[in-house]
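In what follows, a structure is listed as structure tokens, so that the remarks can point back to it.
Since every read-out is calculated from the coordinates, none of them should be taken as a lab result. Computed from a prediction, not measured in an experiment: that's the story for all the values here. As a convention, Cβ positions derive from the backbone with ideal geometry for all residues, glycine included, and neighbour counts pool all protein chains shown.
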Amino acid sequence: MISKRLGDIVGAAHVLTDPNDTRPYFTDWRKQYSGRAECVVRPANTDEVARVVALCVSENVAIVPQGGNTGLCGGSVPTGSQREVVLALGRMNRIRELDRLNDTMTAEAGCVLANVQRAAADAGRLFPVSLAAEGSCQIGGNLSTNAGGVNVLRYGSAREQVLGLEVVLPDARVWNGLRGLRKDNTGYDLKQLFLGAEGTLGIITAAVLRLHPKPSASATAWIALDGAAGAIELLSFLHERIGDRLSAFELLSRTCVEAVLAFAPGTQDPLAGAHPWYVLAEIADSGEESVLRERVEKALAEAAERGAIVDAVLAQSVEQARALWRIRETVPEAQFTNVKHDISVPISKTAEFIERAGERLAARYPAVRPYAFGHVGDGNIHYNVGPESMVAQRAEVNRIVYDVVAELDGSISAEHGLGQLKRDEIRAHKEPLELELMGLLKKALDPKGLMNPGKVL
């Protein structure tokens, strides 16, 4: 059996075959996708990954790379359609190097995102990728899905935090591209092939990550609005008044807030009255916090005078700021079972998308209850459709939502990837030439189709 031979590479204790041990690796976080595999193999270093890949290729066994298994599209679990092993990277969790003068960190793929953030903070730096699952998701998975999160507005997505990669290729060779260079104009930028590829072109084993100055001051504001369109105007206004100090700009519908208040004990409505829409804004800078807060307060007061906002509260302590962020971070769990979408449109069309999608869904399903929230600062809206009974209408709901996305020149996957969930749907949204080029890359790098089969393509 291949599990015995894999044990010779990584140690028998790190090859899991018992159903009680493998179950968490074979089912995704939302329990929407589940498939069997021959075993779970847990390598400790890049050499072991390469040897595992070589053995699997010789046996014609497919490989499913897996990080924290927190994805939402079924991209990190086996399909069960052929012989597969899950390659779990959690033991590869070392920070290999942190270069404060170069503002870089070299981290292995199994490093938990929160630990990467902590290592950067301990060195007086910031690693800005931040999302609700950061306590369990791993950096390799973040890069393989080009994760977004709340700080994309200021710092960009995961792709933009990477200077170099180490990758085990489908033929078991190791590409060492761990270069911490801001400028390297020597041909194709190969690392971009693997960022966002969901493990279908190779296995990211380590990365050189870009670090940023750690802000010394921050301000967190919870802002009430009459409509989603007002959020876009407010974003533009705050950019004019505050500039790139605006790190996060999260939109939440009242339905999302109500779901959190009902779901999470101890959460409180930040404002006295209920309002249709809210923005959670984070502003960060160097210098004195009192100076930054004064600037933010002045901007919010001016916005209120203009009628751009209805009400607002500025967190007065770290604890209050955390309480506001807890509301935002709890939204996905608070409305767990419904029809979920992770879409993006041009920022200027965000409110139009919400309005069009809502009107069309309501015309078809009068009892529909949308939950719209997300990173409106970069045009990414998580548009979830309830109540729970709507899950039975998933195909039609998806069609309505995705048609609106297409009309507004958007994307059906902003930050969660394609995985199994959107593998077929993407064919209706990409030009044939795009799909052809993606297929050519896949065949060139993975001719046997053994890297995370059944995902993306």
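Structure above, values below:
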{"read-out": "Residues with amide H under 5 Å from that of residue 165, placed H, sequence gap 5 or more", "value": "177, 178, 179, 208"}
{"read-out": "In the stretch 294-372, the GluC sites (Glu not before Pro) that fall in loop regions by DSSP, at most 11 other Cβ within 10 Å", "value": "none"}
{"read-out": "Ranked list, fewest to most other Cβ atoms within 10 Å of each Cβ, for 253, 144, 218, 81", "value": "81, 218, 253, 144"}
{"read-out": "Cα centre as origin, Lys/Arg/Asp/Glu Cβ charges: the stretch 2-88 dipole, Debye", "value": "220 debye"}
{"read-out": "Helix 394-407 axis, angle to the chain major axis (alpha carbon atoms, nearest 10°)", "value": "70 degrees"}
{"read-out": "Helix 289-305 vs. the chain, principal-axis angle (Cα, 0 to 90°, nearest 10)", "value": "60 degrees"}
{"read-out": "In sequence order, calculated HN-Hα J values of the stretch 267-282 (Karplus, 6.51, -1.76, 1.60; Hz; x Gly/Pro)", "value": "7, 10, 5, x, 10, 5, x, 8, 9, x, 9, 9, 10, 10, 10, 10"}
{"read-out": "Per-peptide average of other Cβ atoms within 10 Å, ordering 186-195, 229-238, 377-386, 28-37 highest first", "value": "377-386, 229-238, 28-37, 186-195"}
{"read-out": "Computed Kirkwood radius, in angstrom, where 1/r is averaged over Cα pairs of the stretch 1-132", "value": "15.9 Å"}
{"read-out": "Residue order, fewest to most beta carbons within 10 Å, for 223, 354", "value": "354, 223"}
{"read-out": "Under 13 Å, Cβ to Cβ, from residue 440 - net charge with Lys/Arg +1 and Asp/Glu -1", "value": "-1"}
{"read-out": "Cβ-Cβ FRET estimate between residue 392 and residue 274, R0 fixed at 35 Å, reported to 0.05", "value": "0.70"}
{"read-out": "Environment charge at residue 223 (Cβ cut-off 11 Å; Lys +1, Arg +1, Asp -1, Glu -1)", "value": "-2"}
{"read-out": "Pairs beyond 29 Å (Cα-Cα), from 191/214; 340/448; 340/430; 183/422", "value": "340/448; 183/422"}
{"read-out": "Average Cα contact separation per residue, the chain, under 8 Å, 6 or more apart, as relative contact order %", "value": "16 percent"}
{"read-out": "³J(HN,Hα), Karplus 6.51/-1.76/1.60, whole Hz, each residue of the stretch 19-32, x for Gly, Pro", "value": "x, 5, 7, 8, 3, x, 8, 9, 10, 6, 4, 7, 6, 9"}
{"read-out": "Sequence-distant residues sharing a close amide H with residue 247 (under 5 Å, placed H)", "value": "282, 283, 284"}
{"read-out": "Under-5 Å amide H pairs with residue 309, H placed in peptide plane, nonlocal only", "value": "304"}
{"read-out": "The stretch 117-164 and the stretch 270-320: distance between their alpha carbon centers, rounded to Å", "value": "25 Å"}
{"read-out": "Angle in degrees between helix 350-364 and the longest Cα principal axis of the chain, rounded to the nearest 10", "value": "80 degrees"}
{"read-out": "Integer Hz, Karplus 6.51/-1.76/1.60 couplings in order for the stretch 375-391, x for Gly and Pro", "value": "8, 4, x, 10, x, 9, 10, 8, 10, 9, 10, x, x, 4, 4, 5, 4"}
{"read-out": "The stretch 298-372: chymotrypsin sites (Phe, Trp or Tyr not before Pro) in DSSP loop, at most 14 other beta carbons within 10 Å", "value": "336"}
{"read-out": "Additional length obtainable on full extension of the chain from residue 186 to residue 298, 0.36 nm per residue less Cα span", "value": "35.6 nm"}
